[in-house]
Each structure stands twice: as C-alpha cells, then as structure tokens.
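Notes for the one structure printed next.
The values are calculated or read from the model by the stated rules, or taken from the named source; none is laboratory data. Note that the coordinates shown come from a computational prediction; the quantities given were computed from them, not determined experimentally. No Cβ is skipped: glycine too gets one built from the backbone with ideal geometry, and neighbour counts run over all protein chains shown. Keep in mind that these areas ignore ligands, DNA and RNA; they rest on the heavy atoms of the full protein, side chains included. Shrake-Rupley method; radii C 1.70, N 1.55, O 1.52, S 1.80 Å.
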Amino acid sequence: MPAIHRHLPILLLGDCVAILNKLLKITLALIILGALTVAATYAYIYDELPSVGTLKDVRLQTPMKIYTAEGLLISQYGEKRRIPLRLSEMPQPLIDAFLDTEDSRFYDHPGIDIIGIFRSIIAVATTGSLKQGASTVTMQLARNFYLTREKTFIRKIKELFIALHIESLLSKDEILELYLNKIALGHRSFGVGAAARVYYGKDIQDLTLAEMATIAGLPKAPSSLNPISRPQRAKKRRAVVLGRMLAMKHIDQATYEDAKNQPVTAFKHGADIEAKAPYVASLVNDEMLRNYDDAYTGGYNVYTTVPAKLQLAAQTAVVNNLHSYDER
C-alpha cells in the first residue's frame, strides 16, 4: 500500500498534463476554426461594406426651405425634418444621456462591445429572448445607414463587420456626431436638432435636462415611447435615462430627483413660418420638383425675390378690398 501511495501523485500529474494538452489542442482548433469562419464571413459580405467616400462625405437628408428676399421662412417641404449639428454644438448633458443609455463604453470599445455581446448570449441562453440587443452606437449607425431592423443572424453579422469598418475609417467623435444627426426620433424628426424643434420648439442648447433625457430615451422605440402620443411611457423611459446618468455619475441625486419629477411638456411643433405666402411657396415647390429629383431631400434653401413687407401689404390690400366690396 505505501508504494502505491508514493506513485499516486506522479500518476495524477501525468494525467493532468495529458488533459491540459488535449484542452490546448481543442482551444487552438477552435481559435483556428473561429478565425477561418470570421475570414469566410468577411469575404462573403465584403462587397456590401461601405466605401471610405460614402462615410467621409455623408449628405444627410434635409428638407427644402423657401425664403423671402430678406431670408424669412415662407415654407418647408420634405419627408424628414433634420437640423444637422456639429458635436461641439450639442450640450454635454444630452451627449451623456445618449451614451449612458445606449452605449456607456462607447469610447473604450472598437465598435463592438464584447461585454454586451456576452450578456446578450447569456440572456438568449437563459430566456430564449433576443431583447438584449448588445448594439453599440456604431452598430446602430451601421444599421441605420446600410441595413434594416430585421432581427436575423446574418444581419447581425453584417452589422458587426460594418461597425468595425466604420471604426477604422472615422474617429469616435465623427461617429457620434453622425449618429446623433441620423437617428430616427419620431414624428418625422431625424437627429437631435430636429427633435428639439419638433417636441419642444427650442434650439437644442435651450433644452432642460428632463427634455434632453426624454429625447435620449426615444431610439429604443420612437413610436411606443413618444412623449406626444405616449406621455406616461415616455416619462418612465425618461426615468430610466436619468437613472443611467445618475449611475454613471453625470448627475447627482438632487438633479436626478428634480428632472424625474418634471411634467411631460412635449407637443408637436411645426416649422417656424415667418412670412405667410402659400401661393409663392406652391409656385416655388412646383418649379423645384420639375428641376430636381432630390428637391425634398437635398437640403435646398430657395430665396425668392418677394419682399416680406410687400407680400404682407398685398395680402392686407386684398383682404381690405374684398371686405369693402362685400359691404358695398
């Protein structure tokens, strides 16, 4: 018996070495298989990756605006409302609200958040649900520019590769600026500048923290979390955004409580018409549609020769004369 005891540790050590060798071989085989799979997938979707020129010279769709000779807005035409802004023009609390809620590790990952992906895999394995999307800001930008919202495996793979491609071409600030100008935020508003106007009738710099948090809560579901059509849901979502800002230490407890308890004040604001001239606007609109295929998306600013004062005087004269004729 004592002899067996003396040889037992040696036998166990040998078994451990053998097991480790097998594990190393299996791990190496999986790494090689994974690398080959990634390479094959990349080759398969290579032709669908955006070009450098496409990303470096993005022209965001903006509506056509018609002005008087002095530059007063007569009318606006277009399917999408958008006010492109530089990142430096956006308030820092608004940027914090978006990143804290959508992608808190945005400046640390290469376009793909490995922690988020593992969390998503665990959620799928335990619940069978795909609700945990693990999409970074870059991945959302890739989807918004080049893909659909369809939840399929191949679309997610394409999204990952395009996100990595975008990160290799643009800086983090450029990506974030594009995202905040591109994102759909409901009621035909695209980008935070347009959302500030549509929901609150304000320039983005004039928004309160509660208003910023409301807008930052919209990317998840612009329709069902909309502060105009679904104010109670929007308020709950706003609390989630504010909670994330508090957890990331971008606001303190008192600021959180104050913003959380603010009423939902959003209502739909139209274009800020400064000079009423619907007939002139109609003429210009028809002419632009005849000459430009992208009249409603190219961001054209059309300046007419109509002076606002003379337009107002003409309208007043017509109304007064019709009134006088009716009385006679």
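A few notes on this one:
- Inverse mean reciprocal Cα-Cα distance (Kirkwood Rh) of segment 173-233, Å: 11.6 Å
- Percent carbon-and-sulfur accessible area, segment 165-300, ignoring ligands, DNA and RNA, probe 1.4 Å: 51 percent
- Percent of Cα pairs exceeding the 23 Å cut-off, where the set is segment 212-314: 54 percent
- Angstrom value of the Kirkwood radius, inverse mean 1/r, which spans all Cα pairs in segment 228-279: 13.4 Å
- The Cα center of segment 242-285 and the Cα center of segment 178-206 differ in position by 8 Å.
- Distance (nanometres) between label positions extended 7 Å along Cα→Cβ at THR255 and LEU322: 5.4 nm
- If you plug the beta carbon distance of PHE267 and PHE118 into 1/(1 + (r/R0)^6) with R0 = 45 Å, you get a FRET efficiency near 0.60.
- Zero-based 10 Å bins, Cα pair distances in segment 264-328, whole percents: 15, 33, 28, 18, 5, 0
- With both labels modelled 7 Å from their Cα along Cα-to-Cβ, the LYS172 to LYS220 distance reads 2.4 nm.
- 1.4 Å probe accessible area per residue over segment 185-253, in Å²: 42 Å²
- Remark: spin-label model distance LEU20-SER229 equals 6.2 nm, labels positioned 7 Å along the Cα→Cβ axis.
- Relative compactness, segment 137-267, computed as alpha-carbon Rg over 2.2 N^0.38 Å: 1.12
- Sites GLU70 and THR208, calculated FRET efficiency, Cβ-Cβ separation with R0 25 Å, nearest 0.05: 0.15
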